[in-house]
Amino acid sequence: MTVASANPDRLTVLDRPNSYIGKVVPRPNLERLMQGRGLYVSDMELPRMAHVVFLRSPHAHAKIIGIDAVEARRMPNVIAVVTGRELATVITPWVGVLSHLKGLKSAPQHAIAIDRVCWQGEAVAAVVATSRAVAEDAAESVRVEYQELDAVTDMRAALDPETPVIHPSLGDNLAFERNLDAGAVDAAFAESDEVAEADFIFGRHTGVTLEPRAVVADWNIAEQRLTVYQGTQAPHMVQNIAALHLGLADSQVRVVCKDVGGSFGIKVHIYADEMATYALSKLLRRPVKFVADRVESFNTDIHARDHRCKGRIGVKRDGTITAFEIDDLTGIGPYSMYPRTSAIEANQVVNLVGGPYRTKNYRARARVVFQNKNLMCQYRAVGHPIACSVTEGLVDLVASKIGMDPVEIRRRNLIADDAYPCASPSGLRFEQLSHHAAMSKLMTMMGYDALRAEQTALRKKNIHHGIGIASFIEVTNPSAAFYGVGGARISSQDGVAVRLDATGSVICQTSITEQGQGSESLTAQIVGSVLGVSMERVRVILGDTDNTPYGGGTWASRGAGIGGEAALQAAKILRKNVLDIAATILQSSPAELDIVNNAVVTASDGSPRIELRELARIVYFRPDTLPPGIQAELMATRHFVPREYPFAFTNGVQASWIEVDTDTGFVKLLKHWVVEDCGTIINPQLVDEQIRGGVVQGLGAALFEKCIYDERGQLTNANMADYLVPMSGEMPDIDVGHVVSPTTESELGAKGAGEAGTAGAAAAVANAVNDALKPFGAIITEIPLTPQVILTALGRI
Amino acid sequence: MKASAFSYARATSVANALELLVAYGDKAKVLSGGQSLMPAMNLRLISPELIVDIGEITELRGIAVRGDILSIGALTRHVDLLRSPEIAAHAPLLTEAAAHVAHPAIRNRGTLGGSLAHADPASELPASVVALNATIVVSGQTGERRIAAGEFFTGIYETALSAQELLIAVEVPVAQKNSAHFFHEFARRHGDYAIAGLAAQAIVQAGLFTELRAAFFAVGDRPILAKAATKLINIRITPAVLAEASATLGEELDPQEDQQASAAMRRHLAKILLARCASALLGPPAAGGPV
Ligand SMILES: Cc1cc2nc3c(=O)[nH]c(=O)nc-3n(C[C@H](O)[C@H](O)[C@H](O)COP(=O)(O)OP(=O)(O)OC[C@H]3O[C@@H](n4cnc5c(N)ncnc54)[C@H](O)[C@@H]3O)c2cc1C
C-alpha cells in the first residue's frame, strides 16, 4: 500500500515520458457528445423501420381471458398487433437461474405474457405501427379481458402458508435461501459486554437513466442475420441470448452499441420487451424500434434494494467487535431476472456484511422471495449499500452503547493495513486493503475534531448537526466466479486489438463498452502511454460484436481493471513489434530503441530516429525494401482475466455532515467526503466523477428515492414528479481523496471505482442523521429518511 | 408518451380565442406556457380536440401600475415575475413566490395566468394572489368579470373560470406603507411542489400585526386563507398567543394525505410556518425561546 501515485518498480510500461496515466485528460468523445453528434439508439432511423408500443398490464396479477385487437389492426398505419402466444412461435421462454446459486429457482418467463400477467407493467401485446404515436393510439383500442388474481405484495407475508403461491409448479414463493455460519457466533454474543440489534429497512428504488432503454432490431432475411442496435453494457451477452432464444447461431446476431445515455446496471440485463422486439423484427421481417417511455421505465427497468434486514452485533467494553449476525429478506418480483438472476444482491449482502472488520464470528441468513411487483436485479453497487448500512449502522449503535466515538471503534476493529492477504468470514479473499490509511486521510480532510466541536457548539443553539462515518469494501474486477461458474455465457475476460495503421495512427478495438464512465478515454490513455503515441492518434472502437474482440463489457466495476489491462498487454506487444521492425530498418537493436511522441527514438538520449508514420509507410507500401524474410506484424491482440483472486476488492470510507431541522424533519446535506482505494488511477478526474456520481445515487437512496407500491401491487409514483431522483440543488460538495494500493494481478494495477460511491453514501447519511438525533433519543434504521419518517421518530406527529 | 392527435389554432385576439372556445366547448383547451398542459396531454390524461394557443395575444401581456393597482397580464411568465422591478416594488411577495416555482426552464415558459387557471392546490402563485387580496380578471363572450382571488379557487384544479372564459389579468393592490410579507414552503427538493407552504401579506405597526393575510398552500384543496391569523392581530405575540393561533389553525385545516406527507404532518408543518412567519416579521416571541 502506498499513498504516492505510482510505484516505479511495477509501472515501468506506464511510467514513461509522455504517460497519460494518472493525468486528467479530456475524453476523446467529449466534443462529439457536447456538439450533439452522439448517436443514441433513440436517434436511429432505418428504412422501413416500424415502432413498437407494448400494451402493459394494469394489474399486478391476473389471468388473461382474451385480447381483442380487431379495431386496432384496422387502424391506418398499424402494421401488426402481436400477442404473447403469437410471438412464442419465434422466441422461446427463459428461466433466470444459475447453478452456483444453489437452490435458486424461477419460472419460465415469456417475451410477452401468454396466459397470465405477474406484475403491473408486464407486456400483454405488442402494437407495431409506422410511428410511436400511431402505435399508442392503436394500443388504446386493444381490449384485454383480465380476471384479477390475488397479488403477493408484502415480502414478509410471501412465505406464509395462507399466501398464494405465484408459480404453483415451484411449490412456494421462496426463490433462494443462503445460510452462513462462521466462527463461534453464539459464544461470541454470550461473551459480549453489549449487544445491539436493529431492523433495517431499505426502500425499493431504481437507477433512472437519462436515456431510457432502447433497441432497434433488424432481421435481414436475405442475410439470415439479426442486427441489434441497443444501449447495453454487455453486447456479447445480448448476442448470445438473442441467438439462443430465436433459434439462431451466435454468428447470426450482431449487436451494435453506440452511445448510451446512462446505464448504472439497468442496461446489463435481458428484458422481456427487448427480447420481444428482436422477435418482432424476425416475425415481421423489418426493422423494429422500441424506446421505453418514462412510465414504462419505472414499471419495467429493474428495481433494486427492497430489503428488510435484521442485524445484531456484539462488542466488548474495549470496543472489540465480537460478532455480526444478520437475517435478510428481499422480494424480487415474480421472476428471477435473466441471465444474471435476482439472487445476487442478497448473496452479496451475505458476503459483505462485516467485511471491513476483523471479527471471524458471523452468521447470516438471506431469503429471496417472489412477489407481484416489477423484477429486481443488479443495480450499481449490488448489495453493497445494504451490507454497508447494516454493518455501519450496527457499529454506530453498539459504539453508542459503550460510549465510544464512532471513529475510535472503527480504528479498533478495521483489518490492519499490514494484515493482508487475508479472508473474510464469508470467504472473500482480500489482496491488499487500506482501511486505516483511508480513515486517517479522511480525518484530515474533514477536520473531524473541529467538526465535533462545531456540532457541540451548535447544539447549544438548538441546531442539530450530525456526523456519519461508513467504512466499506467494494467488489470489482470479477473473474468467472461471478457468473461463468454458474453456467452463464457471460464472459469475465476482455480483449483488445491494437494496430498501427498506414499513417502511423492507432486503431484500438476493445470489448469493454462506454456508457459515460470514460472507457474510451482510459483505453486511449493506456494505449497511447504504452505505445508512446499521442492520444489524438488513438482511435478506440467499442460496442460491436462484429468488430471487437469477445468480452464481458462494462459492469461490476471491471472496465478499467480488466479491459484496461488487456489494452496494456496488447499495446506492449505492438510496441515490441514496432521496435523489431524499427531495429531492422535502422540497423539497430530493439533494446536500444524506444517510441516517444509518435516517433522511434534512441532509448538512451531520446534522439529521433524514425517517425511512426514513416515506419508504417515502409511496412505497408514498401515492404520490398525490408530485408528478405521479414513479415511485419503491426496488429496485436491480447485478452485478460484475473486468475488469482475471484474479485479485486477495494475499500474506502465515507463521511457525511448534515443538519436536521427537528421541527420539520428535513435533512440538509452539508458536506460529503470519500476516501477510496482503487489501486492505480488512470484518470483522476474520471475516478473522482465516478465516485461523486456514485455518491449522488447513494444519497438519492438515503433521502429521496423509493418505488412506492400500494397493497394491490400498483406502482403509484412511476413518474419524475413523484419519484424523487437526487438533484443538484440538494447535493452537497463531495470531496474525494485516494489511497493507492495497486493489485499485483495485473501490470496496470487498477481495480474498479464505479460503485464505491454508492456503496457507502447512504450508510454515512443514516449514521449522521442518527448522530444528529442523539439528544432526542431517536434511532432510525430506515431509508429513505423522509421528513415524515424523521418527524414520526421524533414523536412530533 | 405521445399526445393523441389534436388540432391547433393560434388565437389572434382575446375575441378570437373566445370564439374558438365557444365553438369547441369542452373539447378545446387554452395553451399558455404549456408546462402543465403538455405533460398532461403527453401522459394522455387529457386529449383535447383543439388547442387554442394564446401565446401571441399582446393584450394579455404586460405589467403596469395604475394608481393603487398593479395589473399583471395573464401571459406574464414566472421569470418575468421574478425579474420585474414593478413587482419587486409593489408586490414583492410575488417575486419571492416565483423563485419557488419549479426550475428555470419551466419558469421561462410557465405563465401567471396558466398557474392560476390550472389551480394546483400545491402551487405558490394561487396562494400568493389570495394573500395579496388580488382580483382576477376574466373575459367571456358576455364581457369581463372581476373575481376576488379568495373566491376564484374552488377546488383541486377547479376555479370560477368556465370553459368558455379566458383569464386575462390579475390586479394586485400595491403594497402600502408598513406592509411586510413572508413566503416559505417545505418541498422535498428545490423546485418541487410544496408539501406545505405559506404566502403571507401583513401590515406591521409598532411590533404588532395590524393586518395579516396568511394563505396556506398544499394543505387543502385550494389556497386557505387562515382564520387563525386573526388571533395574531393587534396583540403582542407570546408563546401562549401563538399556541392558541396554532391550535385554531390545526382545527381549520383539513389537509389531504399523499405520498409525501400524512394529514397530521401537513398540519404540523403549517403550524411551524405560522410560527416562523410571526417570528420572521415581528422577531422571536416576547417571552420564551424560539419555536
Ligand atoms: C417539472 C415541473 C415542475 C413544476 N413545478 C411547479 C411548482 O413547483 N409550482 C408551481 O406552481 N408550478 C409548477 N409547475 C407548473 C408550472 O408552474 C406551470 O407553468 C403552471 O402550472 C401552468 O402555467 P402554464 O402557463 O404553463 O399553463 P398551461 O400548461 O399552458 O395551462 C395550464 C392550464 O391552464 C389553462 N389556461 C392557461 N392559461 C389560461 C388562461 N389565460 N385562461 C384560461 N385558462 C388558461 C390551460 O387550458 C390548462 O388547462 C411545474 C411544471 C413542471 C413541468
| said: Taking the conditions exactly as written (assigned to a loop (DSSP other than H, G, I, E, B) and within 11 Å of another protein chain (Cβ to nearest Cβ)), does B:A275 satisfy them or not? | reply: no
| message | I'm checking my understanding of the structure. Among residues of the stretch A:612-645 that are in contact with a helix residue (DSSP H, G or I) (Cβ under 8 Å, 6 or more places away or on another chain) and among the hydroxyl-bearing types (S, T, Y), which one is surrounded by the fewest Cβ atoms within 10 Å (Cβ to Cβ)? | response | A:T625
| query | Within the group A:I562, A:I526, which residue is touching a residue at least 12 places away in the same chain (Cβ under 8 Å) and either surrounded by fewer than 21 Cβ atoms within 10 Å (Cβ to Cβ) or more than 22 Å from the chain's Cα centre (by Cα) (or both)? | reply | A:I526
| request: Look through A:A111, A:A126, A:A107 and report the one residue that is away from chain B (no Cβ under 14 Å), out of contact with any Lys or Arg (no Cβ under 6 Å at 6 or more places or on another chain), over 21 Å from A:L283 (Cβ atoms) and modelled with pLDDT of 95 or more. | output: A:A107
| task | Kindly indicate the residue of the stretch B:68-81 that is buried (at least 21 other Cβ atoms within 10 Å of the Cβ) and among the hydrophobic types (A, V, I, L, M, F, W, C) and also nearest to the ligand (Cβ to nearest atom) among those meeting that condition. | result | B:A74
| note | Checked A:V687, A:V765, A:V725 against criteria (modelled with pLDDT of 95 or more, away from every other protein chain (no Cβ under 14 Å) and under 30 Å from A:L30 (Cα atoms)); the one match is A:V687
| said: Which condition from (1) touching a residue at least 60 places away in the same chain (Cβ under 8 Å); (2) surrounded by 21 or more Cβ atoms within 10 Å (Cβ to Cβ); (3) under 22 Å from A:Y146 (Cα atoms) is the one that A:G84 breaks? | reply: (1)
| message | With the requirement that a residue be farther than 30 Å from A:N719 by Cα and of a type in the set (K, R), what does the stretch B:19-68 give you? | response | B:R61, B:R66
| Given (1) away from chain B (no Cβ under 14 Å); (2) part of a helix (DSSP H, G or I); (3) aliphatic (A, V, I, L, M), index of the condition A:V696 fails | (1)
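Scan the stretch B:191-221 residue by residue and report those that are among the acidic types (D, E), more than 14 Å from every other protein chain (Cβ to nearest Cβ) and either within 13 Å of B:D120 (Cα to Cα) or surrounded by 19 or more Cβ atoms within 10 Å (Cβ to Cβ) (or both). First the steps, then the outcome.
In the first step, residues of the stretch B:191-221 are kept if they are among the acidic types (D, E); the result is B:192, B:211, B:221.
Next cut, more than 14 Å from every other protein chain (Cβ to nearest Cβ) only: B:211, B:221.
Result: B:D221, single match.
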| note | Of the candidates A:E145, A:E122, A:E162, A:E136, the one satisfying the condition of being of a type in the set (D, E, K, R) and without any contact (Cβ under 8 Å) to a residue 24 or more places away in the chain is A:E162
| field | Flag for A:A718 being crowded, with 24+ Cβ neighbours inside 10 Å and touching a residue at least 24 places away in the same chain (Cβ under 8 Å) | value | no
| message | Can you list residue pairs whose Cβ atoms sit under 6 Å apart, with the first residue in the stretch B:115-142 being without any contact (Cβ under 8 Å) to a residue 60 or more places away in the chain and the second being within 10 Å of the ligand (Cβ to nearest atom) and charged (D, E, K, R)? Count only pairs 6 or more apart in sequence or on different chains. | response | B:V138/B:E165
| said: Restricting to the stretch B:206-225, name every residue that is away from the ligand (no atom under 16 Å from the Cβ), among the charged types (D, E, K, R) and part of a loop (DSSP other than H, G, I, E, B). | reply: none
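For the stretch B:4-44, how many residues are among the β-branched types (V, I, T) and under 14 Å from B:H118 (Cα atoms)?
Looking only at the stretch B:4-44, we keep the residues that are among the β-branched types (V, I, T), and these are B:12, B:14, B:22, B:30.
If we keep only those that are under 14 Å from B:H118 (Cα atoms) as well, we get B:30.
Qualifying residue count, the stretch B:4-44: 1.
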| task | Evaluate the stretch A:487-509: report whether one residue or more is touching a helix residue (DSSP H, G or I) at 6+ places or on another chain (Cβ under 6 Å), among the basic types (K, R) and either in a loop (DSSP other than H, G, I, E, B) or surrounded by 23 or more Cβ atoms within 10 Å (Cβ to Cβ) (or both). | result | yes
| query | If we scan the stretch A:388-395, do we find a residue that is within 15 Å of A:I321 (Cβ to Cβ), at pLDDT 95 or above and part of a loop (DSSP other than H, G, I, E, B)? | reply | no
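Test B:I224 against the criterion of being more than 14 Å from every other protein chain (Cβ to nearest Cβ), farther than 14 Å from B:A127 by Cα and modelled with pLDDT of 95 or more, and give yes or no. Step through it out loud before you land on a result.
Numbers: more than 14 Å from every other protein chain (Cβ to nearest Cβ): yes; farther than 14 Å from B:A127 by Cα: no; modelled with pLDDT of 95 or more: yes.
No; evaluated as a whole, the condition is false for this residue.
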| field | strands (runs of 3 or more DSSP E) contained entirely in the stretch A:236-338, each with at least 3 residues that are surrounded by 24 or more Cβ atoms within 10 Å (Cβ to Cβ) and under 24 Å from the mean Cα position of the chain (by Cα) | value | A:321-331
| said: Residues to consider are B:R61, B:R44; find the one that is surrounded by fewer than 20 Cβ atoms within 10 Å (Cβ to Cβ), out of contact with any strand residue (DSSP E or B) (no Cβ under 8 Å at 6 or more places or on another chain) and basic (K, R). | reply: B:R44
| remark: Going through the stretch B:234-255 in order, the residues found to be under 23 Å from A:A793 (Cβ atoms) and surrounded by fewer than 23 Cβ atoms within 10 Å (Cβ to Cβ) are B:S246, B:G250
| Matching entry among B:P92, B:P121, B:P104 (being more than 9 Å from the ligand (Cβ to nearest atom), within 14 Å of another protein chain (Cβ to nearest Cβ) and not aliphatic (A, V, I, L, M)) | B:P104
| request: Tell me which residues, restricted to the stretch B:125-135, are near the ligand (Cβ under 10 Å from one of its atoms) and in contact with an Asp or Glu (Cβ under 8 Å, 6 or more places away or on another chain). | output: B:P126
| query | Does B:V65 satisfy the criteria of being within 11 Å of the ligand (Cβ to nearest atom), under 26 Å from B:R107 (Cβ atoms), away from chain A (no Cβ under 14 Å) and not charged (D, E, K, R)? | reply | no
| query | So, in the stretch B:165-178, of the ones that are at pLDDT 95 or above and part of a loop (DSSP other than H, G, I, E, B), which residue ends up farthest from the ligand (Cβ to nearest atom)? | reply | B:N178
| query | So which of B:A15, B:A11, B:A64, B:A23 ends up being assigned by TED's automatic domain parsing to the domain that holds B:A163 and among the aliphatic types (A, V, I, L, M)? | reply | B:A64
| message | Which residue is farthest from the other protein chains (Cβ to nearest Cβ), if the candidates are limited to the stretch A:728-746 and must be surrounded by fewer than 19 Cβ atoms within 10 Å (Cβ to Cβ) and part of a loop (DSSP other than H, G, I, E, B)? | response | A:T744
| field | B:S84 being within 14 Å of chain A (Cβ to nearest Cβ) and either more than 11 Å from the ligand (Cβ to nearest atom) or of a type in the set (V, I, T) (or both) | value | no
| query | Do we have any residue at all in the stretch B:182-205 that's of a type in the set (F, W, Y), over 30 Å from A:V789 (Cα atoms), within 13 Å of the chain's Cα centre (by Cα) and not in a strand (DSSP E or B)? | reply | no
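The values are calculated or read from the model by the stated rules, or taken from the named source; none is laboratory data. Every value quoted in this text rests on a predicted model; they were computed, and no experiment measured them. Virtual Cβ from ideal backbone geometry, glycine too; neighbours counted across all protein chains shown.
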